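Remarks on the structure that follows.
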Amino acid sequence: MKTTNYVSMIVAAALVAPVFSQEQAPAPAPVAPAAPAAAAATRPAVEVLGDWVKLMQTVENLLKATTDGSSAAKAATDLQQLKALQEKLNEELKLAQNSDQANLPQEELVQIFQKLQELQNVANSLNTEVERIEKAGFFGNAALKGLLSSDAPGEVEEEETVVEEAPVPAPAPAK
């Protein structure tokens, strides 16, 4: 098994199923002591993935509890705060990708792939909850809609093929 691309796969897996819409403006980050970049780079990728799983489970639980307008408002507030954690985890995954963790033992790689499977399972369940809330019209809450949906098209538009016809000759003048 090639170990040089495992971190790239981790980052791709985490970013494939974003927790929040990427078009939403980021929440103001809570004031917390900044960790040195070197310390974040040494954090094992399996730990970062474990935190991703926990974050997504928290979001899923918030969405499951969203059943009306007032719970939608609470969920929107809580999700906005969790968005800062998502951004932090994205940065940690990028640091892990650039770190010297490429030569991990097989046992750690297995743990990473197990976390990726957990992440995929939670992402599938989370998508089901988002679909349920979308069908309910986000319970009339614009903030929740902004966090969970994107008005931008999700698919690449197909290019139209234009077939140019040969020019039609002008009619000859009548004599």
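Below is a table of values for the structure above.
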| item | result |
| --- | --- |
| Flag for ASN124 being closer than 23 Å to LEU144 by Cα and either free of Cβ contacts under 8 Å to residues at least 12 places away in the same chain or in contact with a Phe, Trp or Tyr (Cβ under 6 Å, 6 or more places away or on another chain) (or both) | yes |
| Residue count, region 109-120 (criterion: under 14 Å from the mean Cα position of the chain (by Cα) and free of Cβ contacts under 8 Å to residues at least 60 places away in the same chain) | 0 |
| Sole residue being at pLDDT below 95 and surrounded by fewer than 16 Cβ atoms within 10 Å (Cβ to Cβ), chosen from ALA39, ALA96, ALA45 | ALA39 |
| Conditions (1) assigned to a helix (DSSP H, G or I); (2) in contact (Cβ under 8 Å) with a residue 60 or more places away in the chain; (3) closer than 30 Å to ALA45 by Cβ; (4) open to solvent by 20 Å² or more (accessible area, probe 1.4 Å): number failed by ALA73 | (3) |
| Only one of GLN57, GLN86, GLN80 that is part of a helix (DSSP H, G or I), open to solvent by 70 Å² or more (accessible area, probe 1.4 Å) and either modelled with pLDDT under 95 or of a type in the set (S, T, N, Q) (or both) | GLN57 |
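The values are calculated or read from the model by the stated rules, or taken from the named source; none is laboratory data. If you're wondering where the values come from, they're calculated on a predicted model, not measured in any experiment. All Cβ positions, glycine included, derive from the backbone under ideal geometry; neighbour counts span all protein chains shown. Remember, those area values only see protein heavy atoms, side chains included, never the ligands or the DNA or RNA. Shrake-Rupley method; radii C 1.70, N 1.55, O 1.52, S 1.80 Å.
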